[in-house]
Amino acid sequence: MKSLIILSLIFFVLSELSTEPQGNQYKSKKSAKKQSLSKVSVSEKSNTRKQKERIQNPLIDFNEFQKIVNQSSSERESHRLVEKEFLKLMEEPGNILLDARSEVRYQLLHIKGAKNLPFTEFTEKSLAEVIPEKTTNILIYCNNNFEGSPDAFAAKAPAASLNLSTYTSLKAYGYKNIYELGPLLDVKATILPLEGKNISNEEFTDP
């Protein structure tokens, strides 16, 4: 009887020893699978980061753009002018009044004497043809300076104002003295002289 009990105990212990490694082996495989998936995820992220680092374009420099914006912010504010100041600079010989809106909107209505060069056509060459000297006083205005003629002066979002883009781009091309019309003006009440196709429109003229 004792022998039978002893044999039973030996059999039980052996069976336990034989099944335990299988459980551990399953856990080990599961852990190894997780580690493998984790390595793949890290590898994918690393590859994506390397791909982004490899996307280079010497003709696009966001850091330089930010630098220009930061460096010229205080100067730009001091060069924003009210109507009378703007008009006075317009009348001084040698200064250039630049309208960077589209040619269609320029033809509809613009400040008298303004030269039109659409912002989308700014290049070193095109700017040099309109403004040969980098030290010339340049006066700019845009859609967001006038109300009362939405087809000619279609307002943009404040942060997308054409004056902001024009100012920064002129700085990027090396122009030193840029002055901006500051306020929002009514086309029917402004003291700045306007001309264009809309001058004769019934919507523009007072009844």
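The values are calculated or read from the model by the stated rules, or taken from the named source; none is laboratory data. A quick note: this is a predicted structure, and the numbers were derived from the prediction, not measured. So basically every Cβ, Gly included, is an ideal-geometry build from the backbone, and we count neighbours across all protein chains shown. Note: areas computed on protein heavy atoms with side chains; ligands, DNA, RNA excluded. Shrake-Rupley method; radii C 1.70, N 1.55, O 1.52, S 1.80 Å.
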* To do: Mind ranking 130-143, 173-186 by how tightly packed they are, going by the mean number of other C-beta atoms within 10 angstrom, highest first?
  => 130-143, 173-186
* To do: Calculate what fraction, in whole %, of the accessible area of the range 53-207 sits on carbon and sulfur atoms when a 1.4 Å probe is rolled over the protein chains.
  => 52
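Give me the number: length gained by fully extending I191 to N63, i.e. 0.36 nm times residue separation minus the C-alpha to C-alpha distance, one decimal in nm.
Working it through step by step, the gained length comes to 42.1 nm.
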* Specify which residue in the list S73, F86, L108 is farthest towards the positive end of the charge dipole of the range 60-137, using unit charges on the beta carbon of Lys, Arg (+1) and Asp, Glu (-1), about the Cα centre. => L108
* Asked: Nearest 0.05, what FRET efficiency do N70 and K115 give at R0 = 45 Å with Cβ-Cβ as r?
  -> 0.95
* **Scattering profile of the range 79-207 at q = 0.10, 0.21 Å⁻¹ [log10 I(q)/I(0), Debye over alpha-carbon scatterers]** => -0.29, -1.32
* Asked: Rounded to the nearest 5, what % of the DSSP beta bridges within the range 110-195 are antiparallel ones?
  -> 25
* Added length on full extension, which subtracts the Cα-Cα distance from 0.36 nm per residue, K125 to E91 -> 9.6 nm
